[in-house]
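Below is one structure, written out as structure tokens; comments come after it.
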Amino acid sequence: MRPALWFTSTVPFRAILFDLDDTLIVDEAVSAAALDATAKHAFTTLGTNRDAFLRDAREHAKRLHAQSPVYPYCRRIGISAFECLWGKFAGDSADLTALREWADAYRQQVFDATLRSQELEGGEEAASELAATFAAQRRRLQRLMPDAREVLTRLAKKHRIGLLTNGAPDLQREKLSNSGLESFFDAVAVSGEHDIGKPEPAIFHRLLGELRAVPGEAVMVGNSLERDILGARNAGVPSVWLKVAGSEEPADVQPDHTILGLAELPALVERIETAHAVA
């Protein structure tokens, strides 16, 4: 936890809130790369067709996830099909226990179904090996979004920094710890720890309370229109949408500001603060 900062009335933003996945760390592209590495392993060991393997694995993962008894919880907390392929889901709550027990079988089912789609029957051993390969590659390949560390270093000099992320508690904490960014944050809120996720305003207000800020004194930065930007709007928090190419969502919400990369953020914050001071 960083020491408390003192602010003057000329600074409109006491706090800057960040999303984690595909805002500060790469998520979807890393999962895709991990699946590609798994497909290459399947080709080497079992003779699968790489393109067909990738297509079928995505299809089976999403289908089995959406049909599962834990899907309502995953949807509410924000746990994706690909996260269910590598998360440990530690915890004693009924929801996490059910998710953990289901996920063990899910991983094997996904890769078994993928092999069967190509009329290959590697059995439980092959499916388990592929599941383990994906999980290991997903952890190995994690990386930061461009300029994440530099931007946090600059903004943390004048602002309190909060992290607001949807997902399972242990998985999001693992991502944060492995990112090397943990020391930048004055407060962290993970949806699975509060049993409520973005875009619900309550989780924004809880984090703001820890940061000793009110909605008008904060700004939310995230890549998801549906979760981050709509959630910020619901909570009365100004928003900055990080428009990540290829991950745009259909959502009936407009951000207050849009950036194409994190490197643009410090200058944007400075312009807003300067305009606020002049007004």
- Query: Farthest toward the dipole's positive end in the chain, which of 213, 64, 231, given Cβ charges of +1 (Lys, Arg) and -1 (Asp, Glu) about the Cα centre?
  - Reply: 213
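Decide, for the stretch 146-205, between rounded, prolate and oblate: order the square roots of the alpha carbon gyration tensor eigenvalues as a ≥ b ≥ c, take rounded if a/c falls under 1.5, and otherwise choose prolate if a/b is larger than b/c, else oblate.
Oblate, since a/c reaches 1.5 and b/c is not below a/b.
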- Distance in nm between residue 243 and residue 194 label points, each 7 Å along Cα→Cβ, equals 2.9
- Ellipticity estimate at 222 nm from DSSP helix runs (n ≥ 4, -39,500 (n - 2.57)) divided over the chain, nearest 500: -15500 deg cm²/dmol
- Residues of the stretch 115-145 with amide N under 12 Å of the 7 Å Cα→Cβ point at residue 52: 115-121
- Message: Over all directions, the average projected area of the alpha-carbon convex hull for the stretch 85-183 comes to how many nm²?
- Response: 8.3
- Note on the structure: For the stretch 28-140, shape from the Cα gyration tensor axes a ≥ b ≥ c, cut at a/c of 1.5 then a/b versus b/c, turns out prolate
- Task: Output ³J(HN,Hα) for the stretch 196-202: one whole-Hz value per residue in order, computed from phi by the Karplus curve 6.51 cos²θ - 1.76 cosθ + 1.60 with θ = phi - 60°, and x for Gly and Pro.
- Result: 7, x, 4, x, 5, x, 4
- Using R₀ = 35 Å, calculate the FRET efficiency as 1/(1 + (r/R₀)^6) where r is the Cβ-Cβ separation of residue 43 and residue 154; round to 0.05. 0.20
- Could you give the radius of gyration (one decimal) and Dmax (whole number) of the Cα atoms in the stretch 133-279, in Å? 15.4, 56
- Item | Cβ charges +1 (Lys, Arg) and -1 (Asp, Glu), total dipole of the stretch 139-231, debye | 380
- Note on the structure: Between the alpha carbon centres of the stretch 194-261 and the stretch 117-156 the gap in Å comes to 26
- Note on the structure: Relative contact order in percent for the chain (Cα pairs under 8 Å, 6+ apart) equals 25
- Query: What does the highest-first list of 165-174, 82-91, 210-219 look like by mean Cβ count within 10 Å?
  - Reply: 165-174, 82-91, 210-219
- Please report 239, 93 as a ranked list, fewest other C-beta atoms within 10 angstrom at the top and most at the bottom. 93, 239
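Over the chain, what is the percentage of antiparallel beta bridges among all DSSP beta bridges, to the nearest 5? Don't skip to the end; give the middle numbers.
On the way: 1 of 20 bridges.
Close to 5 percent.
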- Query: At residue 251 and residue 90, where each label point lies 7 Å from the Cα along Cα→Cβ, what is the point-to-point distance in nanometres?
  - Reply: 3.0
- Note on the structure: the stretch 59-89 scanned against label point 7 Å out from residue 128 along Cα→C-beta; backbone N under 13 Å for none
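Read-outs: derived from the displayed coordinates by stated rules, not from any lab. The model shown is predicted, which means the values in this text are computed figures rather than measured ones. All Cβ positions, even for glycine, are placed from backbone atoms using ideal geometry, and neighbour counts span all protein chains on display.
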